[in-house]
Amino acid sequence: MTAPTRRHVLGGALVVAFSLARGAVAQHDDKGKLPVDLAKSPMLDSWIRIDASGKITVFTGKAELGQGLKTALIQVAADELAVAPESIDLVTADTALTPDEGVTAGSHSMQDSGTAILNAAANVRALLAEAAAWRFAMAADQVEMHDGAAHSLNGQSATYGELAASLDLHVEAKPNMPRRPKSTVIGQSLPRIDIPAKVSGGQAYVQDMRLPRMLHARVARGPSDGTRLKDQDLDVVRKLPGVERVVQEAGFLAILAEKEWHAVKALQHVQAIGWIRPGDSLPTADIREAIRQLPAEDVPIFAYPGPPAPADGTSVTARYSRPCLMHGSIGPSCAVALWENDGVTVWTHSQGVGPLRRSLSGLLKLPADKVRCIHVEGSGCYGHNGADDVAADAALAARAVPGRPVRLQWMREQEHGWEPLGSAMTVELQATLAGDGKVASWRHDVWSNGHNSRPQSGGGLLAGQELGMPKQRMRPIPMPEGGGSRNGNPIYALPNATGVFHFIEQAPVRVSALRGLGAQMNIFAIESFMDELAKAAGSDPVAFRLAHLQDERARDAIQTVVDRFGWAKRPRGTGGGGGNGRGCGFAFARYKNLAAYCAIALEITIDRDSGVIAVERVVASVDSGEAVNPDGIRNQIEGGIVQSLSWTVNEAVGFDTHHRTSFDWSAYPILRFPQAPKTVEVHVIDRPRQPFLGTGEASQGPASAALGNAVADALGVRVRDMPLSPDRLKGALGS
């Protein structure tokens, strides 16, 4: 395999002088330092290329996951380079070409890569202006840059392609470079470039890839994590119709065939032999109760000092929980691998091509430069699903047939059976209200397994474990990002407050990163508890929050929803004395207390006989800093709301003592169209020239909590354990 390097595709001469244009606005920086990802890869040609024809290519180590990232990053580069967006070619997440920006996760893409590209583009524009100034014999601040060319006041012009011939972008970026004084592309709701192929049946996903002479493959495993197939005669499998090759290495088994159906039929034959669970049985108790009986490591989340709570204060306690959750990817995980020239190329929907490359290097015992990982979208992700594992499966299968591409896709039951789950969680809260109705003490305790087992070595992959490599250990993720502790530190100004994460390393089932990690559960608990405290204090839920909130941007986000929803005139349920199964709920959070602000209010009706919830309307606000593509931000909040409602009402992984029992959509129901909100409004609060704040996971927690609060308002019964299913609601009413 011959992989082009970045230096092969970039070139030019040398200009190193910089100057500041008139009226320019300095970028946000940290005391003159480069943005984090730009500091890791400071050479400008790591991020931007301009060839002699004027073609502009921008590189990012982040991946398009359906969040509209490609469109937003193109807008950032186009705006700062003063060109039309269609002039930009964007290369995403390719270990041979792009910077290693780690994993596309945690709502960091715009915050990290967007900020890096913004700064790099400002540097490149300054270089182009300086080159034009030499050509025009004038000061650089007299050069006008627009439409892909530099212009002088006396009518001279030079295209970026002409200027690039005298430039070498293999120079380090300088921090604090000025931005253009006025944005022309940033702030526009441009159509997303990833959508057309997805809605027209085009090649949109890695599942759609077809290469010449490609073989199809299936990996053979037991029904779910913790199981394995019984030993059998593989010679029989090799003789099955259409089977090209059976690959077996230690406990790894894959079947290759010319046609996909032949691989599927052979897999069915292998699976029919049966399976065993060689290790301990799964606990018979609810998994969220079972993990609390395991040893825990106490990790402080926060400690805010304050005077002791008054002895005559009102004490309120509550316990909230969620079960294990799936990613529920609509398309089963898939990868395509090609082994040639003693190396391998893998087309993968992994969210971290750099870490995956290192893991495959260890798994395959290859130098890292012999492994190339190229991101191609997959139809479903939002965390650590099967994407990395299936990439390893495909690479091992392809090693047996050098020169022939191998497409390996999991079956639906394998996706449900083997993907790492979002950990079950339990949160206990205790607070004391003083006589003035304000919080005088607060205690937050959360129990959870780990929330990140993304592969960092060969042993972090299923195939690596089948080859006998040691498993990775999961450790708690430190704050302020956090894992199970994420958003366990309330944004409210609370005195005498402490929080502890009871980290449980021993996991009965395979768990890892699910969208938002522990934030959804912690916010569900905190925001539900704020409503319970407001009720105990005799206060309106929103007014109670505002009385404990000092962050002005947070207050703005809340007030936007209050005004747009018509909170003061909202329909009143049981919580307001109605008792008719109609209610409203509100919740707010700043994701990780350092990313986007999101407030949500919603109105529901509940059929008291069936327990079925109908979401009548949702109103949300979001403050993501500078809004590059407002409609893209709305997409993210809308999608997060829908997914969160599905988690809150429908989703829970089932288990027996041997394996998971949720192998299809009937056993793991997700939100269907009739359950979707009837209307959703998302109001974007734009903050021009403020830092980009991560948006993708901002609505998960507030949507769950707002629904929980609406249920309490509608029924007069607080249901604290997810899912808020019809059976659970009817049970709560009956009790």
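The values are calculated or read from the model by the stated rules, or taken from the named source; none is laboratory data. In this text the structure is predicted, and so the values were computed from the model without any measurement. We place every Cβ from the backbone using ideal geometry, glycine too, and count neighbours over all the protein chains shown.
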Subject >> Residues satisfying the stated conditions in segment 511-549, i.e. surrounded by fewer than 21 Cβ atoms within 10 Å (Cβ to Cβ) and part of a loop (DSSP other than H, G, I, E, B) >> reply: Gly538, Ser539, Asp540, Ala547, His548, Leu549
Original post:
So which residues in segment 262-291 are over 23 Å from Phe252 (Cα atoms) and over 27 Å from the mean Cα position of the chain (by Cα), if there are any at all?
Top reply: Leu282, Pro283, Thr284, Ala285, Asp286, Glu289, Ala290
**OP:** Only residues that are free of Cβ contacts under 8 Å to residues at least 60 places away in the same chain and surrounded by 18 or more Cβ atoms within 10 Å (Cβ to Cβ): list them for segment 208-227, please.
**Re:** Ala220
**OP:** Mind counting the residues in segment 255-290 that are β-branched (Val, Ile, Thr) and modelled with pLDDT under 95?
**Re:** 3
**OP:** Kindly establish whether Leu73 is closer than 19 Å to Pro178 by Cα, buried (at least 24 other Cβ atoms within 10 Å of the Cβ) and not assigned by TED's automatic domain parsing to the domain that holds Thr695.
**Re:** yes
**OP:** Write out, first by first residue and then by second, each pair whose Cβ atoms fall under 7 Å of each other, whose residues are 6+ apart or on separate chains, and whose first residue, in segment 159-181, is farther than 23 Å from Gln75 by Cβ and among the charged types (D, E, K, R) while the second is in a loop (DSSP other than H, G, I, E, B) and at pLDDT 95 or above.
**Re:** Glu172/Pro42
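Given Ala543, Ala534, which one is over 22 Å from the mean Cα position of the chain (by Cα), closer than 18 Å to Ala318 by Cα and free of Cβ contacts under 8 Å to residues at least 12 places away in the same chain? First the steps, then the outcome.
On the way: Ala543 fails: closer than 18 Å to Ala318 by Cα.
None of the other options fit; the residue is Ala534.
Can you tell me how many residues in segment 311-344 are β-branched (Val, Ile, Thr) and surrounded by fewer than 22 Cβ atoms within 10 Å (Cβ to Cβ)?
Here the count works out to 4.
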Subject >> Neighbours by Cβ (under 6 Å, 6+ apart or cross-chain): first from segment 229-247, at positive phi; second of a type outside the set (S, T, N, Q) and surrounded by 16 or more Cβ atoms within 10 Å (Cβ to Cβ) >> reply: Gly242/Ala257; Gly242/His262
Original post:
When you scan segment 696-725, how many residues do you find that are modelled with pLDDT under 95 and more than 18 Å from Glu532 (Cβ to Cβ)?
Top reply: 1
Original post:
Only one of these conditions is not met by Asn119: (1) at pLDDT 95 or above; (2) surrounded by fewer than 24 Cβ atoms within 10 Å (Cβ to Cβ). Which number is it?
Top reply: (2)
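I need the full set of residues from segment 177-191 which are basic (Lys, Arg) and surrounded by fewer than 16 Cβ atoms within 10 Å (Cβ to Cβ), in order please.
Of segment 177-191, the ones basic (Lys, Arg) are 179-180, 182.
Hit for segment 177-191 is Lys182, nothing else.
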Subject >> All helices (runs of 4 or more DSSP H) inside segment 1-93 with 1 or more residues being modelled with pLDDT of 95 or more >> reply: 36-40, 69-81
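Tell me which residues, restricted to segment 580-594, are closer than 16 Å to Ala620 by Cα and under 19 Å from the mean Cα position of the chain (by Cα). Steps first, answer last, please.
Quick first cut of segment 580-594, residues closer than 16 Å to Ala620 by Cα only: 584-591.
The answer is Ala589, Arg590, Tyr591.
Answer yes or no: is there a residue in segment 299-321 that is outside the structural domain of Ala534 (by TED's automatic domain parsing), assigned to a loop (DSSP other than H, G, I, E, B), under 21 Å from Ala507 (Cα atoms) and not hydroxyl-bearing (Ser, Thr, Tyr). I'd like the intermediate steps shown before the answer.
Residues of segment 299-321 that are outside the structural domain of Ala534 (by TED's automatic domain parsing), as a first pass: 299-321.
Next cut, assigned to a loop (DSSP other than H, G, I, E, B) only: 305-313.
Retained after the next criterion (residues that are under 21 Å from Ala507 (Cα atoms)): none.
The answer is no; no qualifying residue exists.
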Subject >> The listed residue being in a loop (DSSP other than H, G, I, E, B) and among the charged types (D, E, K, R), out of Arg564, Arg572 >> reply: Arg572
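Sort out which residues of segment 88-136 are at negative phi and polar (S, T, N, Q), and write them in order of number.
Thr92, Thr95, Thr98, Thr104, Ser109, Gln111, Ser113, Thr115, Asn119, Asn123
So if I check each of Arg634, Arg672, which one is of a type in the set (Lys, Arg), touching a residue at least 12 places away in the same chain (Cβ under 8 Å), out of contact with any Lys or Arg (no Cβ under 9 Å at 6 or more places or on another chain) and surrounded by fewer than 24 Cβ atoms within 10 Å (Cβ to Cβ)?
On the way: Arg672 fails: touching a residue at least 12 places away in the same chain (Cβ under 8 Å).
None of the other options fit; the residue is Arg634.
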Original post:
Exactly one of (1) of a type outside the set (Phe, Trp, Tyr); (2) over 30 Å from Asp342 (Cα atoms); (3) not in a loop (DSSP other than H, G, I, E, B) is unmet by Ala398. Its number?
Top reply: (2)
**OP:** Exactly one condition in (1) buried (at least 23 other Cβ atoms within 10 Å of the Cβ); (2) hydroxyl-bearing (Ser, Thr, Tyr); (3) more than 20 Å from Trp410 (Cα to Cα) is not met by Ser350; state its number.
**Re:** (3)
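Might you check whether a residue that is hydrophobic (A, V, I, L, M, F, W, C) and touching a Cys at 6+ places or on another chain (Cβ under 9 Å) occurs anywhere in segment 395-406? Write out each step before concluding.
As a first pass, look at segment 395-406 and keep what is hydrophobic (A, V, I, L, M, F, W, C): 395-398, 400-401, 406.
Keeping just the survivors that are touching a Cys at 6+ places or on another chain (Cβ under 9 Å) gives none.
Checked segment 395-406: no residue is hydrophobic (A, V, I, L, M, F, W, C) and touching a Cys at 6+ places or on another chain (Cβ under 9 Å).
Does Pro196 count as surrounded by fewer than 16 Cβ atoms within 10 Å (Cβ to Cβ), touching a Gly at 6+ places or on another chain (Cβ under 8 Å) and either in the same structural domain as Pro688 (by TED's automatic domain parsing) or modelled with pLDDT under 95 (or both)? Quick ask: steps written out before the conclusion?
Values: surrounded by fewer than 16 Cβ atoms within 10 Å (Cβ to Cβ): yes; touching a Gly at 6+ places or on another chain (Cβ under 8 Å): yes; either in the same structural domain as Pro688 (by TED's automatic domain parsing) or modelled with pLDDT under 95 (or both): yes.
Yes, satisfied.
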**OP:** Identify the single condition in (1) more than 25 Å from the chain's Cα centre (by Cα); (2) surrounded by fewer than 23 Cβ atoms within 10 Å (Cβ to Cβ); (3) touching a residue at least 24 places away in the same chain (Cβ under 8 Å); (4) farther than 26 Å from Glu505 by Cα that Ser379 does not satisfy, given that it satisfies every other one.
**Re:** (1)
